[in-house]
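A quick write-up on the structure given underneath.
The values are calculated or read from the model by the stated rules, or taken from the named source; none is laboratory data. Every value quoted in this text rests on a predicted model; they were computed, and no experiment measured them. Here the Cβ positions follow ideal geometry from the backbone for every residue, glycine too, while neighbour counts run over all protein chains shown. Each accessible area value is taken on the protein alone, full model and side chains, heavy atoms only, with ligands, DNA and RNA left out. Shrake-Rupley method; radii C 1.70, N 1.55, O 1.52, S 1.80 Å.
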Amino acid sequence: MRKIMVCVKRVIDYNVRVRVKPDGTGVVTDGVKMSINPFDEIALEEALRIKERGEAAEVVAVSLGPDDAQQQLRTALAMGADRAILVKQDGIVDPLVAAQAFLALAQKESIDLVLLGKQAIDDDAAQTGPMLAALWDRPQATAASKLEVRGDTLVVTREVDAGLEVNEIDLPGVVSVDLRLNEPRYVKLPDIMKAKKKPLDVVDLASLGVAAEEHVRIVQWQPPAQRQKGVMVKDAAELVGALKQKGLV
Amino acid sequence: MNKVLIVAEHAGGRLNPSTPKCVTCARGIPDAEITVLVLADDGAAIAGEAARIQGVARVIRVDDPANAHPLAAVLAPQVAALAAGSSHVFGPSTTFGRDLMPRVAALLKAPQLSEVMQVEAVNRFRRPVYAGNALVTVELPVGRQVVCTVRVASFEAAGTAASPAPVESAAPGAVLPRHTRFVSVSAPSGDRPDLQTAARVVSGGRALGSAEKFGMIYRLADKLGAAVGASRAAVDAGYAPNELQVGQTGKIIAPGLYIAVGISGAIQHVTGIKDAQTIVAINKDPEAPIFEIADYGLVGDLFSILPELESLL
Ligand SMILES: Cc1cc2nc3c(=O)[nH]c(=O)nc-3n(C[C@H](O)[C@H](O)[C@H](O)COP(=O)(O)OP(=O)(O)OC[C@H]3O[C@@H](n4cnc5c(N)ncnc54)[C@H](O)[C@@H]3O)c2cc1C
Ligand SMILES: Nc1ncnc2c1ncn2[C@@H]1O[C@H](COP(=O)(O)O)[C@@H](O)[C@H]1O
């Protein structure tokens, strides 16, 4: 295989306790740390390992989002991606639109394998990978926890409700990754310096021939119902007593 | 009339309990006519089960050897072909539905809503985002076809119908790809209750320290007739298999009783159990965040508490 494309989304860092704005128009983002979606970091790590094994020649990191998403792409370049492309688009983008944008890039770049996250931890949609694969009319393997390259075929182990499922897919194809696929490397300072010189192109969504259609409109944001803090019991006997009284055991 | 097509999930010739839950969600759509679609190699028994779910108007059965294993790339074109004319296409938010439904949506050029937890109107739904830290109400243009995955933890299973709905056979005539092949799936894990539908769940975390000691969780679960769950840390460390992971990226569950043992209560874990009726937390750290959401908290060393619990139950 020659080229791998990795989709890298800019999201609120997974350590941040996300809060809904009091006016219900979104979540608080002011002064909040932004990062690469954790699944996408794993996707990128996998692409880099494939390349380092000599099974791919180039790794291209792509993102769809605001100008600031260049920061996440720079991090991707520092991790080891060869170059990056930002498709500029502000605001929330429907996964169907994201999939169309990535399809355009995959075709333009003659990509052999698209690696992306099984879900973005902001919208928790888990849609983009399968949508891209469908529009491309190519195979998909979602929630990958192991990936083996055998020439033009991938053998992918997937985390499913029943346990582990193994599928074989022909390239080109789309693989969405799960958390146990690998542990991403840390970025070192010299790599950050080197990344500044790597190419990062910025293009418009429209230039890819994709319309920023708003398929789904969010009309309200609400905080979830809070669970009431319960009681502390002093020992196992008191716990069993309480559960028995409520008829739970 | 709103036509809702529900893609049935099944394994080993049995309908998965997620399907009657999708039916309950679909019944929330006003004036809904509900069709269940069974794609299998031999779907006779499964279709028969689906026909007896209360609220189902008819069942469509597509038998094809290619449907022996649920490969999204193979199933999606068949679903899309049969979904023409449906206003809503539903599937469960299990790994089956998460894999398949977005592929269907893209073929239909329809938007998808993931993890629908409530139907507010024919074109208005509620769903969680940010690991359940926010709930959004979303609206689609009236008349726009939509694909949804149904958050199974948010719905009770629909009951049994007095008389079964008619079952029709169909041949969608879609061209099925050969670029995706099934190789294997791990064998079902014994006869313990299923994590996603169990009334009681006992989960263990990193604190268990080894696969061997994780056996204590199984013992307590067996005593309670409960299913076993695990935190991501416990799965990552190899104490428990991946299919037991509870949370944002594992299974989202709503049992009557959830007992978290040696689990800190990270937001990604808590998001998977928030709908449990009663949560019990056992942790040696009184400051552990799990206590903020627990109905009953017990501070102490699990290695002495679990044997005590076992002997008291
Ligand atoms: C994108 C993303 C998705 C994730 N998805 C999930 C998910 O789906 N599910 C999930 O669980 N996690 C998920 N996580 C991980 C999550 O953030 C936590 O790291 C994980 O839940 C921690 O597991 P734990 O509570 O077992 O371990 P820890 O956080 O290490 O907690 C162990 C607890 O055990 C207690 N303890 C230690 N010894 C004892 C003892 N002898 N007796 C009693 N108590 C003891 C400690 O006080 C501590 O509270 C995700 C993370 C990311 C970034
Ligand atoms: N705007 C985006 N920019 C880059 N990657 C994205 C974007 N949207 C989705 N993706 C990729 O698709 C995966 C699944 O996203 P989602 O379907 O939104 O849950 C993410 O983990 C990313 O790899």
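Here are the numbers for this structure:
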read-out	value
Options B:135, B:108; residue that is open to solvent by 10 Å² or more (accessible area, probe 1.4 Å), more than 17 Å from the chain's Cα centre (by Cα) and facing chain A (nearest Cβ under 7 Å)	B:135
Test for residue B:73: is it open to solvent by 10 Å² or more (accessible area, probe 1.4 Å) and at pLDDT 95 or above	no
Selection from region B:70-95 of residues that are of a type outside the set (Ser, Thr, Tyr) and part of a loop (DSSP other than H, G, I, E, B)	B:70, B:71, B:84, B:85
Matching residues, region A:166-181, being within 8 Å of another protein chain (Cβ to nearest Cβ) and open to solvent by 30 Å² or more (accessible area, probe 1.4 Å)	A:168, A:170, A:180
Those residues of region B:251-267 which are near ligand 1 (Cβ under 10 Å from one of its atoms), facing chain A (nearest Cβ under 9 Å) and either modelled with pLDDT of 95 or more or open to solvent by less than 20 Å² (accessible area, probe 1.4 Å) (or both), in sequence order	B:251
Options B:126, B:98, B:103: the member that is outside any helix (DSSP H, G or I) and among the charged types (D, E, K, R)	B:126
Positions within region B:180-216 being closer than 30 Å to residue A:156 by Cβ, of a type in the set (A, V, I, L, M, F, W, C) and crowded, with 21+ Cβ neighbours inside 10 Å, in sequence order	B:195, B:198, B:201, B:208, B:214
When residues of region B:268-280 are limited to those that are among the polar types (S, T, N, Q) and more than 9 Å from ligand 1 (Cβ to nearest atom), the one nearest to residue B:292 (Cα to Cα)	B:278
Residue count for region A:1-41, restricted to those that are closer than 16 Å to residue A:148 by Cβ and open to solvent by less than 40 Å² (accessible area, probe 1.4 Å)	1
Filter result (surrounded by 24 or more Cβ atoms within 10 Å (Cβ to Cβ) and assigned to a strand (DSSP E or B)) within region B:5-20	B:5, B:6, B:7
Residue within region A:42-55 that is surrounded by fewer than 20 Cβ atoms within 10 Å (Cβ to Cβ) and at pLDDT below 95 present	no
Yes/no for residue B:26 being of a type in the set (Gly, Ala, Ser), in contact with a helix residue (DSSP H, G or I) (Cβ under 6 Å, 6 or more places away or on another chain) and crowded, with 24+ Cβ neighbours inside 10 Å	no
Filter result (more than 16 Å from ligand 1 (Cβ to nearest atom) and outside any strand (DSSP E or B)) within region A:33-58	A:47, A:48, A:49, A:50, A:51, A:52, A:53, A:54, A:55, A:56, A:57
Some residue of region B:220-233 being touching a helix residue (DSSP H, G or I) at 6+ places or on another chain (Cβ under 9 Å), within 11 Å of another protein chain (Cβ to nearest Cβ), more than 16 Å from ligand 2 (Cβ to nearest atom) and part of a loop (DSSP other than H, G, I, E, B)	yes
Among (1) within 16 Å of ligand 1 (Cβ to nearest atom); (2) assigned to a loop (DSSP other than H, G, I, E, B); (3) more than 10 Å from chain B (Cβ to nearest Cβ) - the single one residue A:144 does not satisfy	(2)
Restricting region B:281-313 to residues that are in contact with a helix residue (DSSP H, G or I) (Cβ under 7 Å, 6 or more places away or on another chain) and of a type in the set (Val, Ile, Thr), the residue that is farthest from the other protein chains (Cβ to nearest Cβ)	B:282
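Rundown of residues vs (1) buried (at least 24 other Cβ atoms within 10 Å of the Cβ); (2) within 15 Å of ligand 2 (Cβ to nearest atom), yes/no style:
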residue	(1), (2)
A:122	no, yes
A:127	yes, yes
A:134	yes, yes
A:143	yes, yes
A:146	no, no
A:149	no, no
A:154	no, no
A:160	no, no
A:164	no, no
